[in-house]
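Undergrad: Got a structure here, written out as C-alpha cells. Questions coming.
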Amino acid sequence: MEEVAELGHLLVFAFLFCFAAYMVGPVITDVTMGALCPGRDECSLAIYLTGLQQAVTGLGALVLTPVVGNLSDRYGRKALLALPATASIVPLGILAYGRTRGYFYAYYITETLTATVCEGSMMCLSLAYVADRVPEARRAAAFGVFTGVCSAGFVASTIAARFLPVSSTCQVAAVAAVATAVYMKAFLQETDGGASSCSCDEEASRPLCIPSSSSEELSPKLPPLRKAPSLSEIAALLTSSSTFSRAAVVTFFHGLGDAGQLNTLLYFLKAKFHYSKNQYANLLLIIGITGSFSQLTVMPLLVPKLGEQKLLIIALTASCGHAFLYSIAWSFWVPYLAASCVILSMLVTPCIRSIISKKVGPFEQGMVQGCITGISSTANVISPLIFTPLTAWCLSEATPFYLKGFSLACAGFATLVALATSISMRPAEVQRPDRK
C-alpha cells in the first residue's frame, strides 16, 4: 500500500507511542483502587480523581494543542513531535518504580501535567504530517491507516498487559516510551510542509488567514512565520464555512460522549460485574483488534464508495448503539458484544479529520488539526464535570432507581446529537471546491 511506503517511520513511531501509552490502561483501574481503596470494588475517590485528571488534561490540551499545531506549521512536525514523545516517559517511569499511595500520587500529578501536552499533540501533529506527505485523493485512506496502526499498538499493549504481572507491565511501558523517543529522533524525517503532496496552485498553498485578493506569492517550501493563533482567529476559522462549524459540533458532542464512556465504563464494569485486570484486558483487546481491522481494511474499502460524510453517519450510528448496549448490559458477556460495534464507530475520527483536512491548504494543516483536537479537549474538560458525579451517584446505594449504566446511556445521547448534526451536513459541503 502506497500510504505505508510513504509514512513508514511515522507509522512505526505511532505504533511504539501507543504501545507505551496504552499498556497501563488495563491495570490502572486496579492500581488506582489498590492505592486509594484497597480491598473494595467501589471507590468514589478514584472516580472523582479520574474525572479531575480528565478535566485538567482536556483544559490544558484545549489551550496548548492549537498553539503546538501552529508552531509545527512554522518549525516542522518532527521538532514538535519530540515534545509528547519525551514528556510521556516521566509518569510511566514513576509508575514502573512503585505503585503505593505515595508513588501513585506522584504518577497522578505528572501524568496530569504531561498529558496536557501528549494527549492531543501527538495525534494533531501526526495527522498534519500525514497531510503533508499524502495527496488529497488518498488522504482519507491514509488517515485510516494511521489510526489503524495506533489501534494495532493498542492491541499489542493490551496483549502484553494481559499476560504480564502489574509490575512488569509498568516497567515495559516505561522502556517502550524511551524507545519511542529514540526511534523518532533517529529515523523520522521532517516534511516539506506539504509541497510534495499539493497541486501547488496559488490558492491551495495560500494560508487561510490571507485574503484571496493578496498578490503576495508564497513559496510552498517556506511557509510564512506567524505568531500562535489567537482565540478570535481560531473562532474565525471555525465559522468560515458551514463544514467547519458542523464538524466542530460533531467533534464536540462525539468527544463528550466518548469521554463519558471512557471515564465511567471500567468503574461500571467493576461495580456491576466485578471485572478484574484480565477481563478489562480481554474487553480492550476486542476493541483494539476490531478497531485496527476496521481502520486498516474497512475504511480504505468504504471511503471511495461511500465518501467521508456517509461513512461518518454510519460510524456515529454504531457509536450510539454500543453506548446504549453498554448501559443496559445484563450479563458479563454483553460488554464484549457491545465492543464489536467498534468496527464502525472507530471510523468517526479519521472521517472528520479527512473532511477538515481537505478544506485548507498545506500551511494550515497543523493549526486546523490543532483546532479540532482543541474542541475535542473542550469536551474532555466538560465531560467529567457531568459524568463523574453522575457515575458516582449511579453506582452508589443512594440512587432511587437501579440502572448503574445510566451515565453510559447519557453518553450515548450526547453522541446522538453528533449524529443529528452530521446528517444535516450536505454532501456537497464535504468536498473542497475546485479551484481554477
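The values are calculated or read from the model by the stated rules, or taken from the named source; none is laboratory data. Being a predicted model, the structure only gives us computed values, none of them experimental. Every residue, glycine among them, receives a Cβ derived from its backbone with ideal geometry; neighbour counts consider all protein chains shown. Only protein heavy atoms, including side chains, enter the accessible area calculation; ligands, DNA and RNA are left aside. Shrake-Rupley method; radii C 1.70, N 1.55, O 1.52, S 1.80 Å.
Okay, residues lined up against (1) within 24 Å of residue 369 (Cβ to Cβ); (2) open to solvent by 10 Å² or more (accessible area, probe 1.4 Å):
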position	(1), (2)
39	no, yes
80	yes, yes
84	yes, no
109	no, yes
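Undergrad: Determine, yes or no, whether residue 352 is of a type outside the set (Gly, Ala, Ser), open to solvent by 40 Å² or more (accessible area, probe 1.4 Å) and assigned to a helix (DSSP H, G or I).
TA: no
Undergrad: If you don't mind, another one. Tell me which residues, restricted to the stretch 332-349, are open to solvent by 10 Å² or more (accessible area, probe 1.4 Å) and in contact (Cβ under 8 Å) with a residue 60 or more places away in the chain.
TA: 346, 349, listed by residue number.
Undergrad: Continuing with this model, one more query. Take the stretch 152-177 and flag every residue that is under 15 Å from the mean Cα position of the chain (by Cα) and crowded, with 24+ Cβ neighbours inside 10 Å.
TA: Across the stretch 152-177, the qualifying residues are 153, 154.
Undergrad: In addition: Quick check: is even one residue across the stretch 13-21 under 18 Å from residue 171 (Cβ atoms), open to solvent by less than 40 Å² (accessible area, probe 1.4 Å) and either assigned to a loop (DSSP other than H, G, I, E, B) or at pLDDT below 80 (or both)?
TA: No, the conditions are met nowhere in the stretch 13-21.
Undergrad: In the stretch 315-331, which residue that is without any contact (Cβ under 8 Å) to a residue 40 or more places away in the chain and among the aliphatic types (A, V, I, L, M) is farthest from residue 263 (Cα to Cα)?
TA: Ranking the candidates gives 315 first.
Undergrad: Which residues, taken from the stretch 310-322, are of a type outside the set (D, E, K, R) and either at pLDDT 85 or above or within 11 Å of residue 348 (Cβ to Cβ) (or both)?
TA: Across the stretch 310-322, the qualifying residues are 311, 312, 313, 314, 315, 316, 317, 318, 319, 320, 321.
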